[in-house]
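The structure appears right after this line, and notes come after that.
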Amino acid sequence: MAINKDEFLSFAKNLPAYNEINNRNAISRAYYAAYHHCSEKFLANKNISGGVHSQLIDSLVKSPSSTDRQIGYMLKNLKDRRTTADYFLNDEVTFDDRQKTIKSTEMLIALGACPRIEAVARESHFELNFLGI
């Protein structure tokens with residue numbers, strides 16, 4: 001059974017708030033909601049080293065478009081939070097961290113909902129393309 005990208009954020013928001021593992025899972029799921037929203041709109045430069053997440057983030061950060069760069073930096077911040085939540089088990093992850101991550105994800109999704117960046121692909125050597133236009 002397939003799911004859609006919005007279900008990640010919905011899941012993150014609906015996890016009970018009573019323990020740290022739920023805070024960590026909410027942060028991780030919120031990041032993936034943001035990642036999937038971005039990966040549907042932007043194609044990453046495959047010539048950039050790293051995995052698909054890093055390629056997408058770096059392509060956005062290096063874009064000539066200030067909106068794309070802002071989205072890239074926001075996505076990088078969310079990825080850093082997810083990394084902490086998933087791998088740094090000795091770092092405390094609070095409900096406040098969770099709420100900030102969810103809010104940041106919502107802001108990134110809203111910001112990324114409308115930019116049209118086909119011009120960026122023509123101007124850029126990064127082959128960053130808008131999908132669906």
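What shape does the stretch 6-123 have by the C-alpha gyration tensor, where a ≥ b ≥ c are the square roots of the eigenvalues, rounded means a/c under 1.5, and otherwise prolate means a/b greater than b/c and oblate the rest? Walk me through the numbers before you get to the answer.
Numbers: a/c = 2.61, a/b = 1.85, b/c = 1.42.
Prolate.
May I ask you to derive the relative contact order of the stretch 6-123, considering only C-alpha pairs under 8 Å and at least 6 residues apart, and to give it as an integer percent? Walk me through the numbers on the way to the answer.
On the way: 133 pairs, mean separation 38.4, N = 118.
Value for the stretch 6-123: 33 percent.
Which one, 102, 70, 90, is farthest towards the positive end of the dipole of the stretch 6-123 when Lys and Arg carry +1 and Asp and Glu -1 on their Cβ?
The Cα lying farthest towards the positive end belongs to 70.
Through the Karplus equation 6.51 cos²θ - 1.76 cosθ + 1.60, θ set to phi - 60°, convert the phi angles of the stretch 3-19 into ³J(HN,Hα) values in whole Hz; use x for Gly and Pro.
Karplus values, whole Hz, x for Gly and Pro: 10, 10, 4, 5, 5, 4, 5, 4, 4, 4, 5, 9, 5, x, 9, 8, 8.
Between residue 10 and residue 46, with labels modelled 7 Å along Cα→Cβ, what's the label distance in nm to one decimal, could you check?
3.3
What ranking do 68, 80, 58 get, fewest neighbouring Cβ atoms within 10 angstrom at the top? Mind showing how you got there, number by number?
On the way: 68 26, 80 11, 58 18.
Least crowded to most crowded, the residues run 80, 58, 68.
Which of 95, 88, 42 comes first, and how do the rest follow, when ranked by fewest Cβ neighbours within 10 Å?
On the way: 95 14, 88 11, 42 25.
Least to most surrounded, the residues fall as 88, 95, 42.
Suppose every K and R has +1 on its Cβ and every D and E has -1 on its Cβ; what is the size of the dipole of the stretch 6-123 about the Cα centre, in Debye to the nearest 20? Please report the intermediate quantities before stating the final value.
Numbers: 16 positive and 15 negative charges, 50 e Å.
Here the size comes out at about 240 debye.
Could you please rank 73, 32, 18, placing first whichever residue has the fewest other Cβ atoms within 10 Å of its Cβ?
If I rank by nearby Cβ atoms, fewest first, I get 18, 73, 32.
Readers should treat all values here as calculations from the given coordinates under stated rules, not as data from a laboratory. Quick caveat, the model's predicted, so the values are computed rather than measured. In this analysis, Cβ positions are derived from the backbone assuming ideal geometry, glycine residues included, and neighbour counts consider all displayed protein chains.
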